[in-house]
Amino acid sequence: MTAQIIDGKRIAAELRARTADEVARVKRDHGLMPGLAVVLVGNDPASEVYVRSKHTQTQAAGMASFEHKLPADVSQAALLELVGKLNADPAVHGILVQLPLPKGLNTEAVIAAIDPAKDVDGLHPNNAGRLAGGLRALSPCTPLGCIILTKSVHTSLEGLNAIVIGRSNLVGRPLVQLLLNENATVTIAHSRSRDLPGLCRQADLVYAAVGKAEMVRGDWIKPGATVIDVGITRIPTAEGKTRLVGDVAFDDAMQVAGAVTPVPGGVGQMTVACLLVNTLRAACAIKGLPAPAV
Ligand code: NAP
């Protein structure tokens, strides 16, 4: 048996196209131009690549994109002042502070300073708390992308056994809440879990969000399961170059699973697409419009 490859690239492109259609509609019918502000502190090369991609895709969807670059030695007060200005700016509906922040800056305080209505990363305690309480909230983009990819295979997740490996605020915890909202039965695993392979083998849906290259082996996977690989690790190749791999041993998984996301070309593609969706949702909510149809 060979598993279906879940094509994150195609699914993300379709989501971006639907978002662009909705952006055009709210502009035409309501004079609303959704705007996303991205704040980049310092010059971490990986963060610069992400921010450039967010900028290009935001503009391609027809939304306004505002980039703010600050030096790595910016003071906490100056960063908070910028966040305060963006909170007050009516052209800005989404604020994303690119993480990780350079050492010396207090990430928790910066996230807490963002207006929860504009918190398109879904990391503000108000949004995290609302999500945990089963209320409507802006949810983190990567877990949202994981749910959309899963639904490309399963029309309903009701009653399915899911395992989420990893419990970070960015991925694992919000993903657990989104799966509960879909009525899945969820096991949360982490570095202290016992018999992880055995826990995994019971799951119809496997989400690996650890950051350990190819940790999930083929014999951890229940035949026919859907495997969503969030992990991204850069490893050296025999040719002296590097390549990206996920948390799942992809070739092994392909022999056992029903469907698998590749790395790259899976979850990573969905994260920015979901950021565009969140920005559009935030803009509609701030303007008092119904939630967009994306
Ligand atoms: P993180 O904050 O480092 O969290 C990793 C989690 O994995 C922790 O909860 C940790 O458990 C758990 N863990 C570590 N070793 C383990 C082990 N041996 N067995 C079971 N669990 C273990 O990482 P993150 O921010 O959630 O990111 C996870 C991965 O996803 C990374 O590779 C990251 O690059 C990738 N990522 C991808 C995207 C995307 O768009 N594709 C977005 C975000 C992140 P403890 O809590 O017990 O320490």
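The values are calculated or read from the model by the stated rules, or taken from the named source; none is laboratory data. In this text, all values refer to a predicted model and were calculated from it rather than measured experimentally. With ideal geometry, Cβ positions are generated from the backbone for all residues, glycine too; neighbour counts draw on all protein chains shown.
Key figures for this structure:
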read-out	value
Scope region 244-262; condition aliphatic (A, V, I, L, M) and either within 8 Å of the ligand (Cβ to nearest atom) or surrounded by fewer than 22 Cβ atoms within 10 Å (Cβ to Cβ) (or both); matching residues	Leu244, Val245, Ala249, Met254, Val256, Ala259
Lone qualifier among Leu123, Leu105 - being within 16 Å of the ligand (Cβ to nearest atom) and either more than 18 Å from Val277 (Cβ to Cβ) or of a type in the set (A, V, I, L, M) (or both)	Leu123
Extreme residue, farthest from the ligand (Cβ to nearest atom), among residues of region 263-273 that are part of a helix (DSSP H, G or I) and aliphatic (A, V, I, L, M)	Ala273
Conditions (1) crowded, with 20+ Cβ neighbours inside 10 Å; (2) in contact (Cβ under 8 Å) with a residue 24 or more places away in the chain; (3) touching an Asp or Glu at 6+ places or on another chain (Cβ under 8 Å); (4) not hydrophobic (A, V, I, L, M, F, W, C); number of the one not met by Gly145	(3)
Hits in region 215-229 (condition: under 14 Å from Pro262 (Cα atoms) and more than 11 Å from the ligand (Cβ to nearest atom))	Thr226, Val227
Close pairs from region 116-129: first farther than 14 Å from Asn87 by Cβ and touching a residue at least 24 places away in the same chain (Cβ under 8 Å), partner surrounded by 23 or more Cβ atoms within 10 Å (Cβ to Cβ) and hydrophobic (A, V, I, L, M, F, W, C), Cβ under 6 Å, at least 6 apart	Asp121/Leu96; Gly122/Leu138
Yes/no for Leu179 being at pLDDT 95 or above, surrounded by 23 or more Cβ atoms within 10 Å (Cβ to Cβ) and either within 13 Å of the ligand (Cβ to nearest atom) or within 19 Å of the chain's Cα centre (by Cα) (or both)	yes
Residue match in region 75-85 (condition: touching a His at 6+ places or on another chain (Cβ under 8 Å) and farther than 23 Å from Ala13 by Cβ)	yes
Test: residue in region 168-184 that is under 18 Å from Gly231 (Cα atoms), without any contact (Cβ under 8 Å) to a residue 40 or more places away in the chain, among the hydroxyl-bearing types (Ser, Thr, Tyr) and in a loop (DSSP other than H, G, I, E, B)	no
Residue match in region 191-214 (condition: out of contact with any Phe, Trp or Tyr (no Cβ under 9 Å at 6 or more places or on another chain), among the β-branched types (Val, Ile, Thr) and near the ligand (Cβ under 9 Å from one of its atoms))	yes
For Leu135: the one exception among (1) outside any helix (DSSP H, G or I); (2) touching a Gly at 6+ places or on another chain (Cβ under 9 Å); (3) within 29 Å of Glu108 (Cβ to Cβ); (4) in contact (Cβ under 8 Å) with a residue 12 or more places away in the chain	(4)
